[in-house]
Amino acid sequence: MIKKYKRTLIITSLVLLIPVIVGLLLWNRLPDPMPSHWNIHGEVDGWSSKAFAVFGLPAIIMALHWVCVLGSLKMDPKAHNLNDKMMGLVLWICPVISVLCCTVLTYGTALGM
């Protein structure tokens, strides 16, 4: 069943690497430590090292992505009940969150934007 979604899984995994690439390009401009958590009022209340923010957070999201995708496929190995729209959501939600949270929110806040 994974063969059906193999191409999309590769593309989404590559999209998950965008925050790492952006982090490496901005490495010299990023502060250490970097903001990594915000409270309900949008104020920074958690900090991480620059290396963890650039490599660790995307790695955690990548692992979560693979767990969600493989878990979805293992729940119905013959894909009799898999809805293509729902599987598309499972495949794309982690990459979109990774790009928005890691790249835009974390790096943007760290650079004072």
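Pairs of Lys residues in the chain that lie 8 or more places apart, or on two chains, and have C-alpha atoms under 24 angstrom apart add up to 10. Here's how it looks for SER48: its modeled amide H is under 5 Å from those of MET34, SER36, which are all 5 or more places away or on a different chain.
Taking each residue as 0.36 nm, the span from LEU25 to ASP84 lengthens on full extension beyond its C-alpha to C-alpha distance by 17.7 nm. Using the Karplus relation 6.51 cos²θ - 1.76 cosθ + 1.60 with θ = phi - 60°, the per-residue 3J(HN,Hα) values for region 12-24 come to 5, 5, 5, 4, 5, 8, 4, x, 5, 5, 5, x, 5 Hz, with x marking Gly and Pro. Which entry is the computed Rg/Rh (Cα atoms, Kirkwood Rh) for this structure: (1) 1.07; (2) 0.97; (3) 1.03? Label (1) holds the value from this structure. Residue by residue, region 51-65 carries 3J(HN,Hα) couplings of 4, 5, 5, 7, 9, x, 4, x, 5, 5, 5, 4, 4, 4, 4 Hz when phi is fed to the Karplus relation 6.51 cos²θ - 1.76 cosθ + 1.60 (θ = phi - 60°); x denotes Gly or Pro. When +1 charges are put on Lys and Arg Cβ atoms and -1 charges on Asp and Glu Cβ atoms, the dipole computed for the chain relative to its Cα centre reaches about 640 debye.
Go ahead and run the numbers for FRET between LEU111 and LYS74, Cβ-Cβ distance against an R0 of 41 Å, rounding to 0.05.
Numbers: r = 40 Å, r/R0 = 0.99.
Efficiency at R0 = 41 Å is approximately 0.50.
Each residue of region 31-47 is assigned a 3J(HN,Hα), and the resulting list reads x, 10, x, 10, x, 9, 8, 10, 7, 5, 8, x, 9, 5, 10, x, 10 Hz, derived from the Karplus form 6.51 cos²θ - 1.76 cosθ + 1.60 (θ = phi - 60°), x at Gly and Pro.
Using r as the Cβ-Cβ distance of ILE93 and PHE52, and R0 as 22 Å, what FRET efficiency do you calculate, to the nearest 0.05?
Details: r = 23 Å, r/R0 = 1.03.
Efficiency, rounded to the nearest 0.05: 0.45.
Using only DSSP helix segments of four residues or longer, with each worth -39500 (n - 2.57), what per-residue ellipticity at 222 nm results for the chain after dividing by its residue count and rounding to 500?
Details: 4 runs with 56 residues, N = 113.
Counting only the DSSP helices, I get -16000 deg cm²/dmol.
Since every read-out is calculated from the coordinates, none of them should be taken as a lab result. Every value quoted in this text rests on a predicted model; they were computed, and no experiment measured them. As a convention, Cβ positions derive from the backbone with ideal geometry for all residues, glycine included, and neighbour counts pool all protein chains shown.
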